[in-house]
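Visitor: Quick one: structure below, then a few questions.
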Amino acid sequence: MTDQDSADNFVALGSSTFPTPEGFTCHGTSFQLGGFMTGDGGLWGQARNPGPIDPVNDVPDQYGLFGTARDGPGVVGTSFGPFGVSGQLGDAGPSPTVKAGIFGTANDDYGIIGTSTRRPGIFGHSADDTGVWGHSTHSFGVVGQSGDGAVLQTDRPAAILATSSRNIAVTAVSNTTVAVHAHSGPPHNFGIFKTGAVTATSSGPNHGVSALSLNFDAVHGRSGGANGVTGLSGADHGVSGLSFAPPRAPGVALADAPAGVRGQSMNGSIGVLGVATPTFLSGAGVVGVGSPHAPAGFFEGDLHVTGQIFAGIKDAIVPFPDGSKRLLHCMESPEHWFEDFGSARLTRGRVTVKLDADFAKVVTLNGYRVFLTPEGDCQGLYVRSKRGTSFEVRELQGGTSNVAFSYRIVARRKDIKAHTRFAKIDTRLPIPTGKARAARGQQAARLPSSIRALIAATALPIHTRKVRAARGRKAALPSSIRALLAEQRKLARKTRRKPAVRG
């Protein structure tokens, strides 16, 4: 064959039967092609040991480039320019200016599809940049699926969609920095918050993290040396929990009942901790809001309080002989008193009664009161004198009877120095004022440095009148919560309609 220097000077015709006989076959170590090939097949390449694809049944009737091999790559493309291999489906527009080993583009379908039964469907590796990168204007940037029963929610586009019916949907590992970082909204510098195995930030109207589970934990956080889950907010709840589970069933322990937020300690620490910084002049460590049919707080076990208890009514719940429980109400006083009771007997009209030594240690002894009740016929009793450790009782009019009597002693508490009678109190939670906000700025240095850096980086707004007014308008539940509630009701109806299985 002679060399040809111009196009269209060489034509090879063969049978239309695919794939043999060929119009042109080259046997040798190399083949140079200066032009292009057209027809049902643009270019067919087959190694000496062909790959597993059956050309007759698996290869489409028309193709641009087909390569098959058993022990090596089916197609190899290298380039110092834009792309080593470029694939296009439909009128996908111009190629981007980026460079890539493989580039796939399509308007209405997948740009690149990778599938494997035992190994990764697509594997990307890079020493200095992104191993795998996906971008989409109106749909998913990257879609990952594991298992056969996973449902792709194609009605809600996302940067990454991962779904699995049997295994973990997404696994990420990093030895030096964040394993997974997700951001929603306009670009924003969140500073130190880009630390952790998984970080999620939002500078728009969306959640930083939104998780939904119908069968297990929607969010599970675990740490061996720090917080399992940390929530921070400059305008709303740091952590918010909602539960639509039914009420606790009979026989279910209170500790096992479902809750909007649940805290448990396994090694003797605190199950739930609420802290209010006193310099902020607002809020409370823990707040419970009740209703006519549910108490604001319920404790199964002892309750320890080191400060004051402010209550409208304080009752005692006591068992009754009929098996019921009844209420007994407390007596109140405008001052802080302790009281003690006892009995004694006169000897020839007089007796000295000693105070209980432990009672004397916790009360003020310079102003206690003694109330006497005779338990027999006499001319009456009176307190002759009161000392720090005892008091003397005598019979009126110089009587000399040996009558028995009981007594009641009340004394002011020794640990409380100021006894203010009928002190005024405002039971409303204080609302931050301009003066309080100024105090916050003065006390900001007492916050941990990491929290101060986060507040400075995010520049989250402080509560304003507009924010509080907007809260009042947000009475309706979010659409995601309404959808979850509807799903729970639907499952409940199916359960009720399910016929009982008879043994």
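The values are calculated or read from the model by the stated rules, or taken from the named source; none is laboratory data. On a predicted model such as this, the values are computed, not experimentally measured, just so you know. Positions of Cβ are generated from backbone atoms using ideal geometry, with glycine treated the same way; all protein chains shown enter the neighbour counts. The accessibility values were calculated without ligands, DNA or RNA, using every heavy atom of the protein model including side chains. Shrake-Rupley method; radii C 1.70, N 1.55, O 1.52, S 1.80 Å.
Visitor: Six or more apart or on different chains, Cβ under 7 Å: which pairs go from a residue in the stretch 73-91 that's among the β-branched types (V, I, T) to one that's open to solvent by less than 40 Å² (accessible area, probe 1.4 Å)? Could you list them?
Guide: Listed by first residue and then by second, the contacts come to V75/G67; T78/G84; V85/G77.
Visitor: Within the stretch 344-363, can one find any residue that is in contact (Cβ under 8 Å) with a residue 60 or more places away in the chain and either under 18 Å from Y382 (Cβ atoms) or touching an Asp or Glu at 6+ places or on another chain (Cβ under 8 Å) (or both)? Show your work before the answer.
Guide: First pass over the stretch 344-363, keeping only residues in contact (Cβ under 8 Å) with a residue 60 or more places away in the chain: 344-345.
Applying the additional criterion that residues be either under 18 Å from Y382 (Cβ atoms) or touching an Asp or Glu at 6+ places or on another chain (Cβ under 8 Å) (or both) yields 344-345.
Checked against the condition, which is being in contact (Cβ under 8 Å) with a residue 60 or more places away in the chain and either under 18 Å from Y382 (Cβ atoms) or touching an Asp or Glu at 6+ places or on another chain (Cβ under 8 Å) (or both), the stretch 344-363 yields at least one hit.
Visitor: Quick one: in the stretch 333-343, of everything that is among the charged types (D, E, K, R) and at pLDDT 95 or above, which residue is nearest to D377 (Cα to Cα)?
Guide: Taking the stretch 333-343 as the starting set, the residues that turn out to be among the charged types (D, E, K, R) are 335, 339-340.
Next cut, at pLDDT 95 or above only: 339-340.
Values: E339: 27, D340: 25 Å.
Residue satisfying both the conditions and the ranking: D340.
Visitor: One residue is enough: does the stretch 410-417 have a residue meeting the conditions over 30 Å from A284 (Cβ atoms), surrounded by 12 or more Cβ atoms within 10 Å (Cβ to Cβ) and of a type outside the set (K, R)? Show your work before the answer.
Guide: Of the stretch 410-417, the ones over 30 Å from A284 (Cβ atoms) are 410-411.
From what is left, the residues that are surrounded by 12 or more Cβ atoms within 10 Å (Cβ to Cβ) are 410-411.
Adding the requirement that they be of a type outside the set (K, R) leaves 410-411.
So far as the stretch 410-417 goes, yes, one or more of its residues are over 30 Å from A284 (Cβ atoms), surrounded by 12 or more Cβ atoms within 10 Å (Cβ to Cβ) and of a type outside the set (K, R).
Visitor: Would you point out the residue of the stretch 206-251, among those that are open to solvent by less than 50 Å² (accessible area, probe 1.4 Å) and touching a residue at least 24 places away in the same chain (Cβ under 8 Å), that is nearest to P187 (Cα to Cα)?
Guide: If we take residues in the stretch 206-251 being open to solvent by less than 50 Å² (accessible area, probe 1.4 Å) and touching a residue at least 24 places away in the same chain (Cβ under 8 Å), then G208 is nearest to P187 (Cα to Cα).
Visitor: Inside the stretch 101-115, can you point out the residues that are part of a strand (DSSP E or B) and open to solvent by 100 Å² or more (accessible area, probe 1.4 Å)?
Guide: At the first step, the residues of the stretch 101-115 found to be part of a strand (DSSP E or B) are 101-106.
Correct list: I102 only.
Visitor: All but one of (1) among the hydroxyl-bearing types (S, T, Y); (2) surrounded by 13 or more Cβ atoms within 10 Å (Cβ to Cβ); (3) modelled with pLDDT of 80 or more hold for S184; state the number of the condition that does not hold.
Guide: S184 satisfies all of (1) among the hydroxyl-bearing types (S, T, Y); (2) surrounded by 13 or more Cβ atoms within 10 Å (Cβ to Cβ); (3) modelled with pLDDT of 80 or more except (3).
Visitor: Quick one: in the stretch 138-157, of everything that is modelled with pLDDT of 70 or more and among the hydroxyl-bearing types (S, T, Y), which residue is farthest from I122 (Cα to Cα)? Steps first, answer last, please.
Guide: Residues of the stretch 138-157 modelled with pLDDT of 70 or more: 138-147, 157.
Retained after the next criterion (residues that are among the hydroxyl-bearing types (S, T, Y)): 139, 146.
Working: S139: 19, S146: 13 Å.
By that ranking, first place goes to S139.
Visitor: Let me ask something else about it. With the requirement that a residue be modelled with pLDDT of 85 or more and open to solvent by less than 60 Å² (accessible area, probe 1.4 Å), what does the stretch 275-293 give you?
Guide: G288, G290
Visitor: Among the residues of the stretch 374-386, write down those that are in contact (Cβ under 8 Å) with a residue 24 or more places away in the chain and open to solvent by 100 Å² or more (accessible area, probe 1.4 Å). First the steps, then the outcome.
Guide: Start the filter on the stretch 374-386 by keeping residues that are in contact (Cβ under 8 Å) with a residue 24 or more places away in the chain, which leaves 374-378, 381, 384.
If the condition is that a residue be in contact (Cβ under 8 Å) with a residue 24 or more places away in the chain and open to solvent by 100 Å² or more (accessible area, probe 1.4 Å), then E375, D377, R384 are the ones that fit.
Visitor: Among the residues of the stretch 252-274, write down those that are open to solvent by less than 90 Å² (accessible area, probe 1.4 Å) and not in a loop (DSSP other than H, G, I, E, B).
Guide: Going residue by residue through the stretch 252-274, those that are open to solvent by less than 90 Å² (accessible area, probe 1.4 Å) are 252-255, 257-260, 263, 265, 268-269, 271, 274.
L254, A255 - these are the residues of the stretch 252-274 that are open to solvent by less than 90 Å² (accessible area, probe 1.4 Å) and not in a loop (DSSP other than H, G, I, E, B).
Okay, residues lined up against (1) part of a strand (DSSP E or B); (2) at pLDDT 75 or above; (3) of a type outside the set (A, V, I, L, M, F, W, C):
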{"site": "N189", "(1), (2), (3)": "no, no, yes"}
{"site": "G196", "(1), (2), (3)": "no, no, yes"}
{"site": "G204", "(1), (2), (3)": "no, no, yes"}
{"site": "S210", "(1), (2), (3)": "no, yes, yes"}
{"site": "V219", "(1), (2), (3)": "no, yes, no"}
{"site": "R222", "(1), (2), (3)": "no, yes, yes"}
{"site": "G225", "(1), (2), (3)": "no, yes, yes"}
{"site": "F244", "(1), (2), (3)": "no, yes, no"}
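Visitor: Of the residues in the stretch 162-181, how many are part of a strand (DSSP E or B) and either farther than 7 Å from S146 by Cβ or in contact (Cβ under 8 Å) with a residue 40 or more places away in the chain (or both)? So that I can check it myself, show each step before the final result.
Guide: Pass one, the stretch 162-181, residues part of a strand (DSSP E or B): 162-164, 180-181.
Next, only the ones that are either farther than 7 Å from S146 by Cβ or in contact (Cβ under 8 Å) with a residue 40 or more places away in the chain (or both) stay: 162-163, 180-181.
Within the stretch 162-181, residues that are part of a strand (DSSP E or B) and either farther than 7 Å from S146 by Cβ or in contact (Cβ under 8 Å) with a residue 40 or more places away in the chain (or both) number 4.
Visitor: If you check G349 against the conditions, is it within 30 Å of V393 (Cβ to Cβ), among the small types (G, A, S) and surrounded by 11 or more Cβ atoms within 10 Å (Cβ to Cβ)? Spell out the reasoning first.
Guide: On the way: within 30 Å of V393 (Cβ to Cβ): yes; among the small types (G, A, S): yes; surrounded by 11 or more Cβ atoms within 10 Å (Cβ to Cβ): yes.
Answer is yes for this residue.
Visitor: Kindly establish whether F371 is in contact with a Lys or Arg (Cβ under 6 Å, 6 or more places away or on another chain) and either touching a residue at least 12 places away in the same chain (Cβ under 8 Å) or open to solvent by 30 Å² or more (accessible area, probe 1.4 Å) (or both). Give the steps one after another, and end with the answer.
Guide: On the way: in contact with a Lys or Arg (Cβ under 6 Å, 6 or more places away or on another chain): yes; either touching a residue at least 12 places away in the same chain (Cβ under 8 Å) or open to solvent by 30 Å² or more (accessible area, probe 1.4 Å) (or both): yes.
Answer is yes for this residue.
Visitor: Looking only at residues in the stretch 387-396 that are open to solvent by 50 Å² or more (accessible area, probe 1.4 Å) and modelled with pLDDT under 95, which one is farthest from the chain's Cα centre (by Cα)?
Guide: By that ranking, first place goes to R387.
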